[in-house]
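Comments concern the structure below.
The values are calculated or read from the model by the stated rules, or taken from the named source; none is laboratory data. All values reported here derive from a predicted model rather than from experimental measurement. Here the Cβ positions follow ideal geometry from the backbone for every residue, glycine too, while neighbour counts run over all protein chains shown. Accessible surface areas use protein heavy atoms only, side chains included; no ligands, DNA or RNA. Shrake-Rupley method; radii C 1.70, N 1.55, O 1.52, S 1.80 Å.
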Amino acid sequence: MRSRKLCGKKPVIGHLLLLVTAGVALLGGCSTPPKSTSVPESTPEAPSNSVSAANNNSPPVAAIPATPSNFVVAVVDKVGPAVVRIDAAKTVRSRVPEGFSDPFYRRFFGSPDAPPPERTVRGTGSGFIINAAGQILTNAHVVGGADRVLVTLRDGREFEGKVLGDDPVTDIAVVKIPASKLPTVALGNSDGLQVGEWAIAIGSPLGLDKTVTVGVISATDRTSSQVGAPDKRIGFIQTDAAINPGNSGGPLLNGRGEVIGINTAIIGGAQGLGFAIPINRAQQIAQQLIATGRVQHPFLGIQMVTLSPEVKERIKNATDGRLIVAADRGVLVLRVARDSPADKAGIKPGDVIQKLDNQAVTTTDKLQQAIEKRKVGDRLPIEFQRDGQLQQGEVELGALPARQSR
């Protein structure tokens, strides 16, 4: 992170005076030196050690202040006890090919080592305590499908955690531990974030507990496709505070120590590119998980792509000119799931959706965001172009089935 130069009217760099030789030496840099204490002239009877004379006549060195030296220290002291390490273990079962157990195969080809029928996959992430009753917010990819969840507090205590619910679509999960009177975080407001604000990440990257990194908010509302996670329904916060494997599920904090996001994603091979789920969205999902253990997401039931000149050209070339898309903007429907809301509304492959709920949609992300803001069962007007003709209809949003993303 590049920081601004702090030298304007030359603020003082240090508060301590270092006493050397016969005078008082001052710290350099952008500082304004205070008046030094005068030293009386030596006399023949005076000791020859001028340093001692200076020490006897100089004011005492100021003590290091007991208060935190900067806002990052204050934030870490405040929030650190509520950040936890999460170790999850999941059993993965493998299907053993029949040949490994076939006597005929083993007779003629020997007895090759068969792969183990099951193995344990372990992973480490982070989380933070949202209430004194022991509820913890983290990522779904940290604890989803886990057989065992071990939560370690900052003071060293360990608890078996129970996953109250996880939502792969938004990558949010809630874990409960059997403890009370726990330290908790303060939740901030992620809707009003501005680029350039301070961002502080706390977690266990690569298993290194209690790690703190600092940066700024680099961007807001990064789409899931931009981040490389098109199956997620989130607008991400981007930060240059270092985030690594193991930071997942930990808090992203503002300069006041309030949680503004959940650290969740990185882009491989990049530097200074980390992403977090906005805390306002995470709270909405967490409340549903706590109440019912699951989240209902509305969906249309289509495979789609943002229409662009390049996409139109590829379609034309792939069909040898038999299919030409007339629209210039909108969301092109590639496939419609059978018996889905879109299928029931009469949407067909090749249609270009241009409006949903009377709002223009020009990208797949915008269409997905418009759907996610509504509820299952909502009936919305939809406008699309087919064979160069504008058509209108109505679609009733359904509940997103498991393993669906649209």
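So the values come out like this:
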read-out: Filter pass, Lys355 being in contact with a strand residue (DSSP E or B) (Cβ under 9 Å, 6 or more places away or on another chain) and of a type outside the set (Ser, Thr, Tyr); value: yes
read-out: Residue that is most open to solvent (accessible area, probe 1.4 Å) [pool: residues in the stretch 126-159 that are part of a loop (DSSP other than H, G, I, E, B) and touching a Gly at 6+ places or on another chain (Cβ under 7 Å)]; value: Arg154
read-out: Every pair of residues 6+ apart whose Cβ atoms lie under 7 Å, when the first sits in the stretch 163-183 and is within 16 Å of Arg233 (Cβ to Cβ) and hydroxyl-bearing (Ser, Thr, Tyr) while the second is assigned to a loop (DSSP other than H, G, I, E, B) and open to solvent by 10 Å² or more (accessible area, probe 1.4 Å); value: Thr170/Lys232; Thr170/Arg233; Thr170/Ile234
read-out: Residue in the stretch 315-325 that is open to solvent by less than 30 Å² (accessible area, probe 1.4 Å), touching a residue at least 40 places away in the same chain (Cβ under 8 Å) and either part of a loop (DSSP other than H, G, I, E, B) or touching a helix residue (DSSP H, G or I) at 6+ places or on another chain (Cβ under 9 Å) (or both) present; value: no
read-out: Test set (1) modelled with pLDDT of 95 or more; (2) among the hydroxyl-bearing types (Ser, Thr, Tyr); (3) loosely packed, with under 11 Cβ neighbours inside 10 Å - Ser111 fails condition number; value: (1)
read-out: Boolean, Ser225 is among the small types (Gly, Ala, Ser), open to solvent by 50 Å² or more (accessible area, probe 1.4 Å), in contact (Cβ under 8 Å) with a residue 60 or more places away in the chain and in contact with a helix residue (DSSP H, G or I) (Cβ under 7 Å, 6 or more places away or on another chain); value: yes
read-out: Test for Ile371: is it among the β-branched types (Val, Ile, Thr) and under 31 Å from the mean Cα position of the chain (by Cα); value: yes
read-out: Filtered residue count, the stretch 326-356, keeping only those that are free of Cβ contacts under 8 Å to residues at least 40 places away in the same chain and surrounded by fewer than 17 Cβ atoms within 10 Å (Cβ to Cβ); value: 9
read-out: Members of the stretch 195-221 found to be open to solvent by 40 Å² or more (accessible area, probe 1.4 Å), touching a residue at least 24 places away in the same chain (Cβ under 8 Å), of a type outside the set (D, E, K, R) and not in a strand (DSSP E or B), listed by number; value: Val195, Leu206, Leu208
read-out: Residue in the stretch 179-189 that is under 30 Å from Phe299 (Cα atoms), open to solvent by 60 Å² or more (accessible area, probe 1.4 Å) and outside any strand (DSSP E or B) present; value: yes
read-out: Answer residue from the stretch 160-178, given it is touching a Gly at 6+ places or on another chain (Cβ under 7 Å) and assigned to a loop (DSSP other than H, G, I, E, B) and is least open to solvent (accessible area, probe 1.4 Å) among those; value: Ile177
read-out: Pair list, Cβ < 7 Å and 6+ apart or interchain, from the stretch 265-283 residues that are over 16 Å from Gln226 (Cβ atoms) to residues that are in a loop (DSSP other than H, G, I, E, B) and open to solvent by 40 Å² or more (accessible area, probe 1.4 Å); value: Asn280/Asn189; Asn280/Asp191
read-out: Residue count, the stretch 305-328 (criterion: closer than 11 Å to Phe384 by Cα and not aliphatic (A, V, I, L, M)); value: 0
